[in-house]
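Undergrad: Would you mind keeping the following structure in view while I ask a few things?
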Amino acid sequence: MTTNETNRANRANRTNEQPDVGRRAHVRIEGVGKVFQRRGQITEALRDVDLDIAEGEFISLLGPSGCGKSTLLRIIGGLVSNDTGVVTVAGATPETAREAKQFGLVPQAPALLPWHTVAKNVRFLTDLHTSSASAAGSQTVLGSAEIDGLLAAVGLGSFHDALPHELSGGMQQRVSLVRAFALGAPILLMDEPFAALDEITRSDMRYLLLDLWQRSGATVVFVTHSVTEAVILSDRVVVMAPRPGRVVTVEDVSLARPRSPEMEDDPVFHEHVSRLRTHLRESHSA
Ligand code: ADP
Ligand code: MG
């Protein structure tokens, strides 16, 4: 089965059990611009960004620090408003989508509650979600057994009752990932979630993330400044450049799914990496 078929099958399974509302995760970004003004200094964080994100797609925003990746992610998530252009999420505004709990957010630091166990940290938010989502009738979060399954899938099966301080940084970030997927949100926004991890842990996390994503059928918008990370994870890579923040090019990644560490030796992988590095270099010197 191709990725798209798998995602479609996953979604079909979910929509059988759940109301269909909010499962259409298509994001449309047209002519988006954003200017920040602080202490007399004006920063054009984004200029004229056009991008369509398909339902179930894994897309990465790649570029150097300051090119507007986080700003674009926050605009999609309804946390920052755009000055120009239009953003729609399944036909609605980002604010409406946010209120309807369409987004799961994975920040750079795991942000677990230190006094709750691993299992409680995952369930804490899903419990909040369940009460508000059932009131809105829009979303069903995963049940206990499914959450246990996810924790086991990321190698934390025997850490249910551990406290965050008893876990390594990588383990904490795995809990954070499971928590995001457990919410059942159709769109996950991830802002450099692996940036603080060591290289080996970081590599393992990529494949765990891909596994969780393929089970969920969710749409993922993933921010990174690592070229190799963007290629191994994504269906498409959006290359961005700073001053003003803008989209330089969008690259389709032609590696098959599921991805595996062996693919990092594939000539196709290296062609993508080399082409993207060239784009980044050219946009930097331009
Ligand atoms: P990236 O995530 O790619 O590093 P950001 O989206 O965080 O980039 O920032 C893009 C530009 O906008 C940067 O120059 C940053 O300093 C500026 N910026 C971001 N948020 C704000 C803000 N709230 N106020 C003022 N400037 C901001
Ligand atoms: Mg950022």
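Undergrad: Restricting attention to the range 24-50, which residues are part of a loop (DSSP other than H, G, I, E, B) and either at pLDDT 95 or above or crowded, with 18+ Cβ neighbours inside 10 Å (or both)?
TA: Scanning the range 24-50 gives a single hit, ALA25.
Condition check ((1) open to solvent by less than 10 Å² (accessible area, probe 1.4 Å); (2) β-branched (Val, Ile, Thr); (3) assigned to a loop (DSSP other than H, G, I, E, B)) across all residues:
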{"site": "LEU208", "(1), (2), (3)": "no, no, no"}
{"site": "ASP211", "(1), (2), (3)": "no, no, no"}
{"site": "VAL223", "(1), (2), (3)": "yes, yes, no"}
{"site": "ALA230", "(1), (2), (3)": "yes, no, no"}
{"site": "ARG243", "(1), (2), (3)": "no, no, yes"}
{"site": "PRO258", "(1), (2), (3)": "no, no, yes"}
{"site": "HIS279", "(1), (2), (3)": "no, no, no"}
{"site": "GLU282", "(1), (2), (3)": "no, no, no"}
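Undergrad: For the range 51-70, how many residues are crowded, with 21+ Cβ neighbours inside 10 Å, out of contact with any Asp or Glu (no Cβ under 7 Å at 6 or more places or on another chain) and not aliphatic (A, V, I, L, M)?
TA: Adding up the residues that qualify gives 6.
Undergrad: Can you tell me which residue among LEU163, LEU177, LEU112, LEU183 is at pLDDT 90 or above, in contact with a strand residue (DSSP E or B) (Cβ under 7 Å, 6 or more places away or on another chain) and of a type in the set (A, V, I, L, M)?
TA: LEU177 is the lone residue from the list that is at pLDDT 90 or above, in contact with a strand residue (DSSP E or B) (Cβ under 7 Å, 6 or more places away or on another chain) and of a type in the set (A, V, I, L, M).
Undergrad: For the subset of the range 51-97 comprising residues that are within 16 Å of ligand 2 (Cβ to nearest atom), of a type outside the set (Val, Ile, Thr) and not in a loop (DSSP other than H, G, I, E, B), which member is nearest to LEU189 (Cα to Cα)?
TA: Filtering the range 51-97 for residues that are within 16 Å of ligand 2 (Cβ to nearest atom), of a type outside the set (Val, Ile, Thr) and not in a loop (DSSP other than H, G, I, E, B), the one nearest to LEU189 (Cα to Cα) comes out as LEU73.
Undergrad: Could you please tell me which pairs satisfy a Cβ distance under 6 Å, a separation of 6+ or placement on different chains, a first residue in the range 55-73 that is of a type in the set (A, V, I, L, M, F, W, C), and a second residue that is assigned to a loop (DSSP other than H, G, I, E, B) and within 13 Å of ligand 2 (Cβ to nearest atom)?
TA: What qualifies is CYS67/PRO242; CYS67/GLY245.
Undergrad: Also, quick follow-up: Taking the condition modelled with pLDDT of 95 or more and more than 16 Å from ligand 1 (Cβ to nearest atom), does GLU99 pass?
TA: Taking the combined requirement at face value, the residue does not satisfy it.
Undergrad: Further question: Considering only residues that are open to solvent by 30 Å² or more (accessible area, probe 1.4 Å), at pLDDT below 85 and within 21 Å of the chain's Cα centre (by Cα), which ones fall in the range 129-152?
TA: Matches in the range 129-152: THR140, LEU142, GLU146.
Conditions tested, residue by residue: (1) among the hydrophobic types (A, V, I, L, M, F, W, C); (2) within 15 Å of ligand 1 (Cβ to nearest atom).
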position: PHE181; (1), (2): yes, no
position: PRO186; (1), (2): no, no
position: LEU189; (1), (2): yes, yes
position: ALA195; (1), (2): yes, yes
position: LEU212; (1), (2): yes, no
position: GLY217; (1), (2): no, no
position: PRO244; (1), (2): no, yes
position: ARG257; (1), (2): no, no
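Undergrad: Which members of the range 169-194 meet the condition of being outside any helix (DSSP H, G or I) and closer than 14 Å to LEU208 by Cβ? Give the derivation first.
TA: Initial filter on the range 169-194 (outside any helix (DSSP H, G or I)): 183-194.
Once the filter is applied, which keeps residues that are outside any helix (DSSP H, G or I) and closer than 14 Å to LEU208 by Cβ, the range 169-194 yields LEU188, MET190, PRO193, PHE194.
Undergrad: Next question. Return the residues of the range 153-166 that are part of a helix (DSSP H, G or I) and open to solvent by less than 60 Å² (accessible area, probe 1.4 Å); say none if nothing qualifies.
TA: ALA153, PRO164, listed by residue number.
Undergrad: Taking only pairs six or more apart or across chains, which ones have beta-carbon atoms under 9 Å, a first residue in the range 89-100 that is under 21 Å from ASP50 (Cβ atoms), and a second residue that is of a type in the set (Asp, Glu)?
TA: What qualifies is ALA90/GLU55.
The values are calculated or read from the model by the stated rules, or taken from the named source; none is laboratory data. Quick caveat, the model's predicted, so the values are computed rather than measured. Positions of Cβ are backbone-derived with ideal geometry, glycine not excepted, and every protein chain shown enters the neighbour counts. Remember, those area values only see protein heavy atoms, side chains included, never the ligands or the DNA or RNA. Shrake-Rupley method; radii C 1.70, N 1.55, O 1.52, S 1.80 Å.
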